[in-house]
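One structure below.
The values are calculated or read from the model by the stated rules, or taken from the named source; none is laboratory data. Every value quoted in this text rests on a predicted model; they were computed, and no experiment measured them. Cβ coordinates were reconstructed from backbone atoms using ideal geometry, including for glycine residues, and neighbour counts include every protein chain displayed. Each accessible area value is taken on the protein alone, full model and side chains, heavy atoms only, with ligands, DNA and RNA left out. Shrake-Rupley method; radii C 1.70, N 1.55, O 1.52, S 1.80 Å.
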Amino acid sequence: MKKLTLIALSVLLLLSVVLLPSCKRQSDEEAYAIACDLLERSYNLNVAYYGEGLAYDEDELVEGSYYHVSMDAPFTRRSDLINETKAVFSERIATDLIDVYIDGTASLGVVLYARYITGYDGYLTVRKDYDNILDEVEKYDTSTLEIKKNNRRQIKATVQSIDGDSTLELVLVYEMSGWRIDGPTY
């Protein structure tokens, strides 16, 4: 019995040494830096998914209505777009974006035209006549970002649009791969 108790205590001690540092809440300054970074990175993704889409070369028709994405675009390969989407947005949101805009399926299994497909050469192509959800994607002034809630699992903040006409309630969640935005930022 003593040996079992000693083993159990050893395991608990080991777990506390490993887990306690990860239980520490980040400072408000760290939360601010995380939120600013993810919010700024979300802008190009919002343009790609909801706004005008990635720039394309008019003279490089690949097939149907799909044109090569311009080499000046922030994402030129499928993996670039998917990796950044997963690095910025929560798993839930990233999965939905990838399913609809890259794979062409909705959550109910409805087949849609994907906004982006991979061309024969491995580079992204964009559907020219894809309907934008937004005429213009909102930009935010990160100097106005205020942390409202900050704990180990969630950061909530508010931030003003650059023109000052709107306020975004920004929600970040901590997932196994780090902090991610868990809501719209467009």
Can you tell me how many residues within the range 72-97 are closer than 14 Å to G53 by Cα and hydrophobic (A, V, I, L, M, F, W, C)? 4
Those residues that are hydroxyl-bearing (S, T, Y) and at pLDDT 85 or above, I need them from the range 104-119; list them, please. Y113, Y116, T118
Between T167, T118, which is among the hydroxyl-bearing types (S, T, Y) and over 30 Å from S27 (Cβ atoms)? T118
Filter result for A55 (in contact (Cβ under 8 Å) with a residue 60 or more places away in the chain and among the hydrophobic types (A, V, I, L, M, F, W, C)): no
With the condition being open to solvent by 60 Å² or more (accessible area, probe 1.4 Å), I'd like the strands (runs of 3 or more DSSP E) fully within the range 96-153 carrying at least 3 qualifying residues. 140-150
Of all residues in the range 62-89 being loosely packed, with under 14 Cβ neighbours inside 10 Å and hydroxyl-bearing (S, T, Y), the one that is modelled with the lowest pLDDT: S65
Just to be sure I understand, how many residues within the range 38-61 are open to solvent by less than 70 Å² (accessible area, probe 1.4 Å) and at pLDDT below 95? 1
Filter result (open to solvent by 30 Å² or more (accessible area, probe 1.4 Å) and either touching a residue at least 12 places away in the same chain (Cβ under 8 Å) or on the phi > 0 side of the Ramachandran plot (or both)) within the range 28-37: D28, Y32, I34
